[in-house]
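The values are calculated or read from the model by the stated rules, or taken from the named source; none is laboratory data. The structure presented is a predicted model; accordingly, all values stated were derived computationally and were not measured. We place every Cβ from the backbone using ideal geometry, glycine too, and count neighbours over all the protein chains shown. In case anyone asks, the SASA skips ligands and DNA or RNA and just uses the protein heavy atoms, side chains included. Shrake-Rupley method; radii C 1.70, N 1.55, O 1.52, S 1.80 Å.
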Amino acid sequence: MCGIVGYIGWREAAPLLLNGLKRLEYRGYDSAGIALLNGSLLVMKQKGSVSGLEVAAEGLSLDMQSATLGIGHTRWATHGEPSDNNAHPHKNALGDIAVIHNGIIENYSALKQELTAQGLIDKIWKSDQSLDLESATRSALRHVDGAYGICVISSREPDKIVVARKGSPLVIGIGTGEFFIASDAAPLIEHTNKVVYLSDGELAVITREGYTVKTIENIEQEKIITELDFSLEKIEKGGFEHFMLKEIFEQPAVMHDVMRGRVRLEEGRICLGGIEDYLDRLKHAKRIVICACGTSWHAALIGEYLIEEFARIPVEVDYASEFRYRNPIVGVDDVVIVISQSGETADTLAALRTAKEKGALVMGICNVVGSTIARETLCGMYTHAGPEVGVASTKAFTAQVIMLYMLALALSKGRTLSHDEIALNLKELSRIPEKATRILELESQIKDIAERFQGARNALYLGRGYNFPVALEGALKLKEISYIHAEGYPAAEMKHGPIALIDKDMPVIFIATRDSTYAKILSNIEEVRSRKGRVIAIANEGDQEVSRLAEHVIYIPQSSGPITPLLTVIPLQLLAYHIATFRGCNVDRPRNLAKSVTVE
Ligand code: AGP
């Protein structure tokens, strides 16, 4: 995610801003910049790291070195590739206003049309000279849809910083004769432990003497000063023990981010900007091949079920590493979709290039903007899951599945599903973040179960239909962070071999939600129990049948088959996480694994 810092006081601002940006590096970014105000306004920004910016700052003039007011930004690209130009801060044409912004502005393209030459704030300020920086900013924000955390400074009013938030956190640090602004407390903790958290819809004006906070509607707000009592390391993980747990809990918010600007619920419509121009060709593909690795390959399997169910287009899923070497029969009538969180996985990149050489239309679903895979595909969509620091993929997986769900519905439009059917499925999708939040509230129950199974040497994950790929994903989560051997299978496959493994030491995790194969799953559970296997089941709330059969049941909210994976995977993520922590494993950096496998 992007990071914001600001300073106004009596010390040299540049080193404080640069150090503050370093404290925010854990959020992930691909470019950085600062703006300094001392009479005139200077913006220094570039693609790359904060340390690169520090080198550039060595060339600051004496004037700018002694500037005691400034703002800084680390940008995680969501729209527009990482580049010097796309880095923040941005200046207006006159160069006397500088702005930094976090969040996703949904109507950015509309605003951009109107304001390419001038900033929004500048345009409004020019149109009414009676305004000041605060009121011009307030008025500009009324034109903005979406999430923002914004900082504005101007040489026209050189002794203040105006900040505002809606959906993207901002915190004010209170020093002695100096004030700090940041996206979270990490850059503040070494200067002060007194902070004020801005709430959504609030705008603050900060000077060396103090600050005022009002709503966007200009109503004065009384704010409580909070005393911070946690360490820097805790802040970077948002108070969670590990990045992986933080990212598991980020999923409801990420689900909103993936859908933001794409799901138009009131119109029952989906807008997938990145593939709009290719939708026709995608809809008329003879076949769709999805290539990926690891967790992304599991998302691909769910994509197969979704696209075939909703759009009735034949889909094949291939491990990228197999696809690239087997001289696949792929041509101009085919579409190849590559899925990659990092956008740098070597096998997936090679599969992409093989498909392109053979004339197929290649589309990407990536999380990292401007990544190699994203740049080499003909079209594609970003998952907007934010940086995923934990090696074990969690929020990126659910974001990929939502992308595939929306793609499958978009491909069905005008062909297989009616407008009302699409609208119904979108409604179902819009309820998922709230249901996911309810599942996350079961963490302590899941932790108790994890404690009982931390000593397991093997585990079996079984599911049917949409939950078969989830069984694979649950097994991968467990094995990669706890080092317990785990396998996922279609539940019906048990009788073709794996049932020989069942004994009193074998935990078997069943995904037993109520869908078309529910009765079959119940008999599979019976088969395991009759061989003394230990059954953990994921079932729908109110299901008494399963509780009669399973040793432990984790109840999740009811949902329709195609959307169930977004819910059933969450308990499995938490189960793997807690088993691994009980075993003292390095959850964020498991042995032998890399976050992105950029070599073959
Ligand atoms: C999943 O938890 C693993 N970290 C791994 O399987 C990962 O999904 C795989 O390496 C693919 O990575 P990508 O999505 O960045 O291409």
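What percent does the relative contact order of the stretch 478-600 come to when contacts are Cα pairs within less than 8 Å and at least six residues apart?
28
Counting DSSP beta bridges in the chain, what percent are antiparallel, to the nearest 5?
The antiparallel proportion sits near 60 percent.
For the chain, what is the accessible area per residue in Å² when the probe is 1.4 Å?
With all protein chains present, the chain gives 39 Å² per residue.
Counting other Cβ atoms within 10 Å of each Cβ, which GluC sites (Glu not before Pro) in the stretch 398-503 have at most 13 and sit in a DSSP loop?
Glu441
Rounded to the nearest percent, how much of the accessible area of the chain (1.4 Å probe, protein heavy atoms only) is carbon and sulfur?
Carbon plus sulfur share of accessible area: 50 percent.
Looking at the stretch 408-500, which trypsin sites (Lys or Arg not before Pro) are in a loop (DSSP not H, G, I, E or B) and have at most 14 other Cβ atoms within 10 Å?
Loop-located and lightly packed - Arg415, Arg431, Arg457.
What number comes out for the charge environment of Pro562, summing +1 per Lys or Arg and -1 per Asp or Glu over other residues with Cβ under 10 Å away?
So the environment of Pro562 carries a net charge of -3.
Taking Lys47 as the anchor, which lysines have their alpha carbon closer than 30 Å to its alpha carbon, excluding any fewer than eight residues away along the same chain?
Qualifying lysines at Cα under 30 Å: Lys22, Lys91, Lys112, Lys123, Lys160, Lys166, Lys234, Lys237, Lys246, Lys356, Lys395, Lys595.
Give the percent of DSSP beta bridges with both residues in the stretch 117-263 that are antiparallel, rounded to the nearest 5.
So the antiparallel bridges in the stretch 117-263 amount to around 95 percent.
Applying the Karplus parametrisation 6.51 cos²θ - 1.76 cosθ + 1.60 with θ = phi - 60° to the phi angles of the stretch 80-92, what ³J(HN,Hα) value in whole Hz is obtained for each residue in order, glycine and proline being reported as x?
For the stretch 80-92, the Karplus curve yields x, 5, x, 7, 4, 5, 7, 5, 9, x, 9, 10, 6 Hz.
Rounded, prolate or oblate for the stretch 541-600? Axes are the square roots of the Cα gyration tensor eigenvalues, ordered a ≥ b ≥ c, and the cut-off for rounded is a/c under 1.5.
Oblate, since a/c reaches 1.5 and b/c is not below a/b.
Over the stretch 116-253, what is the mean sequence separation of C-alpha contacts under 8 Å (at least six apart), divided by residue count, expressed as relative contact order in percent?
Normalised by residue count, the contact order of the stretch 116-253 is 17 percent.
Remind me, relative contact order of the chain in percent, using alpha carbon pairs under 8 angstrom and six or more residues apart?
Result for the chain is 11 percent.
For the chain, what is the mean residue ellipticity at 222 nm derived from helices alone (per DSSP H run of n ≥ 4: -39500 (n - 2.57); sum divided by total residues; nearest 500 deg cm²/dmol)?
Taking each H run of at least 4 residues, the total per residue is -10500 deg cm²/dmol.
List every residue whose amide H lies under 5 Å from the amide H of Gly201, counting only residues 5 or more places away in sequence or on a different chain, with H placed 1.01 Å from N in the peptide plane.
Residues meeting the criterion, in which the H sits 1.01 Å from N, are Arg165, Lys166, Gly167.
Apply the a/c threshold of 1.5 to the C-alpha gyration tensor of the stretch 39-190 and tell me whether it is rounded, prolate or oblate.
rounded
Amide H neighbours of Val289 under 5 Å, at least 5 residues apart or on other chains, H built in the peptide plane: list them.
HN-HN under 5 Å from Val289: Glu316, Val335, Val336, Ile337.
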